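Chemist: Before we start, here is the structure in question, set down as structure tokens.
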2 protein chains.
Amino acid sequence: MTKTRRIFSLLLRLLALGATLSATIVMVTSHDSAEVLNLTFKAKYSNESAFKYFVIAEAVASGYSVIALFVSSKTLLWRLLVILDAVITMLLTSSVSAALAVAHVGKKGNSHAGWLPICGQVPKFCNQVTGALIAGLIAAIIYFLLFIYSVHTVLTPLFTV
Amino acid sequence: MTKTRRIFSLLLRLLALGATLSATIVMVTSHDSAEVLNLTFKAKYSNESAFKYFVIAEAVASGYSVIALFVSSKTLLWRLLVILDAVITMLLTSSVSAALAVAHVGKKGNSHAGWLPICGQVPKFCNQVTGALIAGLIAAIIYFLLFIYSVHTVLTPLFTV
């Protein structure tokens, strides 16, 4: 039973690693350019703080995922993973939310503030950002499941007492 | 000992309630208008999706804070608060991040995307949004402390076994 649990959580961690790595790579490689009134207009992730934060958060989560794969379930450290998983879930949630909010402005614009949508000019950039955001969202959901799973594993003995 | 713990967590919950209520009220009442080229330009929170999400999240957290105050520490429900606290922490983190990302664009603009900063035109609106974001950030931090505290309370017996 414990072995099945361990394998299930390892599988989730591998999936999360795949998602965070994809999100990082897809966001970093996103760029496109357009010519507007003879001026070349270049779009890349590093032009916007929220996207830079997204890349840093996904990279940190990737590193953590690799380390967490090798933590033995017999050590006390493994129980600390409950808190660390929660912290990483929050980091991912926060970075995806920030990037999503700015991407939404990029796609729809905000007429009240006079901000025009840019996706019409740089569709390739927008599509890659969308892909990265979907991967980031999947990673956040997997981490939330991992967290709920860890809490459940830790709390179950208490509930049955 | 258990009583001190209960009082401490009640105190944190009251503080969190104060912070989420202030964040909701300050954000909802934020508005300002400016005249640019004879056109009146009105700024209010409902013009931007991220700010609407922020208000909804802070209101939900306020409601949850009130209910959590009355959950008895003797019931099993109290242990479920660990997970619910984590969910509310994530909701607050996510909404503050999204609103902060858009507010950052509003303050600094993004020259690459051609988005001009608007805080020069509507300083009153910007100040109120900043206030609401600070209150939201404080609420998120208090909820994170509550979550760590609950996890600690639940995990301690396991660590000492």
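Chemist: Please specify each residue of the range B:65-88 satisfying the condition of being closer than 20 Å to B:Ala132 by Cα and in contact with a Ser or Thr (Cβ under 9 Å, 6 or more places away or on another chain).
Modeler: Selection gives B:Ser65, B:Ile88.
Chemist: Which residue pairs have Cβ atoms under 7 Å apart, sit 6 or more places apart or on different chains, and have a first residue in the range B:61-83 that is closer than 14 Å to B:Arg6 by Cβ and a second that is modelled with pLDDT under 70 and surrounded by 12 or more Cβ atoms within 10 Å (Cβ to Cβ)?
Modeler: B:Arg79/A:Leu155; B:Arg79/A:Leu158; B:Arg79/B:Val154
Chemist: Which one is modelled with the lowest pLDDT, of the residues in the range B:1-30 that are surrounded by 15 or more Cβ atoms within 10 Å (Cβ to Cβ) and among the polar types (S, T, N, Q)?
Modeler: Filtering first and then ranking leaves B:Ser9.
Chemist: Restricted to the range B:36-45, and to residues that are within 14 Å of chain A (Cβ to nearest Cβ) and not in a strand (DSSP E or B), which residue is surrounded by the fewest Cβ atoms within 10 Å (Cβ to Cβ)?
Modeler: Filtering first and then ranking leaves B:Leu37.
Chemist: Tell me, please, whether a residue that is modelled with pLDDT of 95 or more, over 16 Å from B:Ser111 (Cβ atoms) and of a type in the set (A, V, I, L, M) can be found in the range A:33-55.
Modeler: Checking the range A:33-55: at least one residue is modelled with pLDDT of 95 or more, over 16 Å from B:Ser111 (Cβ atoms) and of a type in the set (A, V, I, L, M).
Chemist: Looking at this structure, is B:Ser33 part of a strand (DSSP E or B) and either surrounded by fewer than 15 Cβ atoms within 10 Å (Cβ to Cβ) or in contact (Cβ under 8 Å) with a residue 12 or more places away in the chain (or both)?
Modeler: Yes: the conditions hold for B:Ser33.
The values are calculated or read from the model by the stated rules, or taken from the named source; none is laboratory data. Source: prediction; values computed, not measured. When we count neighbours, we look across all protein chains shown, and the Cβ atoms used for this are built from the backbone with ideal geometry, even at glycine.
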